[in-house]
Amino acid sequence: DRLGDALVSYARYLAATFWPTDLSITYWHPSSWPVATLVGCAVLLGAITIASLRALKSRPFLAVGWLWFLGMLVPVIGVVQVGEQAMADRYMYLPSIGLFIALAWGVDSAVPEFRGRTRVLALVAAAVLIVCAWLTHAQTRVWQNSNALWRHAHEVDPHNPLALEVLGVLAEEQSRQVEALGYYRRALEIDPQRQNSQYNLGNLLRWFGRPDEALGPLLEAVRLRPDFAMAYESL
């Protein structure tokens, strides 16, 4: 499963670099990917790798950039899982340099000489940078506060239990207990092993004056994490 997720994450990182839409603070780690998705990602990565290596003598920057991208992501690609996320945008800060090396030298190599070539390329580069700046401005609005950030994460992936859990906590903090109850229940429908959601749901049911219903989630929270003795305070 981890190797499969690594294949898909490589492809997703590549796509998000050149088409940065639906970016999120967190990307949920699915239990498994469809076989067709895995095969497609493997074929894509293999084809790019083979093409860049075949052009090693004539266009070495392609192999350098591509292998930079592949290699720099190895520690965080998910073969060794750190945290519960499948991927994270911040992990692309250094690996993306390789892609842009290949892109910058590749465009220069691919565009034939003509009168005014340098000026045209400069104008195209400026246009690309303006688009990137506009996309950055749009993305910063997502980060204006916790509610906006996690609601956006939920919109990007409605089946992300972490986003639902955090939205539940935020709803409780803003005295929207009924809404929080729905968030916790939905998070646990997706992933019943979320200890924090079990605990939060139990405490919230207790707050609603429903101790019999609260007992199940609280006991499950203790079962999932036996050292979580605080749950006993609510029993």
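The values are calculated or read from the model by the stated rules, or taken from the named source; none is laboratory data. All values reported here derive from a predicted model rather than from experimental measurement. With ideal geometry, Cβ positions are generated from the backbone for all residues, glycine too; neighbour counts draw on all protein chains shown. Quick note on the areas: whole protein, heavy atoms, side chains included, nothing else; ligands and nucleic acids left out. Shrake-Rupley method; radii C 1.70, N 1.55, O 1.52, S 1.80 Å.
Among 96-107, 159-170, 178-189, 113-124, how do they line up from the highest to the lowest mean number of other beta-carbon atoms within 10 Å?
Per-residue Cβ counts within 10 Å, averaged per peptide and sorted highest first, yield 159-170, 178-189, 96-107, 113-124.
Provide the gained length on full extension for the span Ala122 to Asn147, in nm with one decimal, where the gain is 0.36 nm per separating residue minus the Cα-Cα distance.
Gain on extension, Ala122 to Asn147, equals 5.0 nm.
Probe radius 1.4 Å, ligands and nucleic acids ignored: give me the carbon and sulfur share of the accessible area of region 160-209 as a rounded percent.
Exposed carbon and sulfur together represent 49 percent of the surface.
Mind listing P(r) for region 115-235? All alpha-carbon pairs, 10 Å bins, whole percents.
13, 32, 22, 12, 9, 7, 4, 1, 0
Amide H of Trp28: which non-local residues (sequence gap of 5 or more, or other chain) have their own amide H closer than 5 Å, using H built in the peptide plane?
Those qualifying (amide H under 5 Å, at least 5 residues apart or on another chain) are Ala86.
Can I get the semi-axes of region 69-150's equivalent ellipsoid? Compute them from the C-alpha gyration tensor as square roots of 5 times the eigenvalues, in angstrom, largest first.
Semi-axes from the Cα gyration tensor: 33, 22, 6 Å.
Let me make sure I get this right: for region 1-88, a, b and c are the square roots of the gyration tensor eigenvalues over alpha carbons, sorted descending. Under 1.5 in a/c it's rounded, otherwise prolate if a/b > b/c, else oblate. Which is it?
Prolate, since a/c reaches 1.5 and a/b exceeds b/c.
Can you compute the FRET efficiency between Arg176 and Trp134 using 1/(1 + (r/R0)^6), with r the Cβ-Cβ distance and R0 = 35 Å? Round to the nearest 0.05.
0.55
Between the helical axis of 95-110 and the dominant principal axis of the chain, each derived from Cα atoms, what acute angle in degrees is found, rounded to the nearest 10?
The angle comes out at about 30 degrees.
Report, to the nearest whole %, how much of the accessible area of region 47-148 belongs to carbon and sulfur atoms, 1.4 Å probe, protein only.
Of all accessible area on region 47-148, carbon and sulfur atoms account for 71 percent.
Can you give me the accessible area per residue for the chain, using a 1.4 Å probe, in Å²?
The answer is 60 Å² per residue.
Which shape class applies to the chain: rounded if a/c is under 1.5, otherwise prolate when a/b exceeds b/c and oblate if not, where a ≥ b ≥ c are the square roots of the Cα gyration tensor eigenvalues?
It comes out prolate by the Cα gyration axes.
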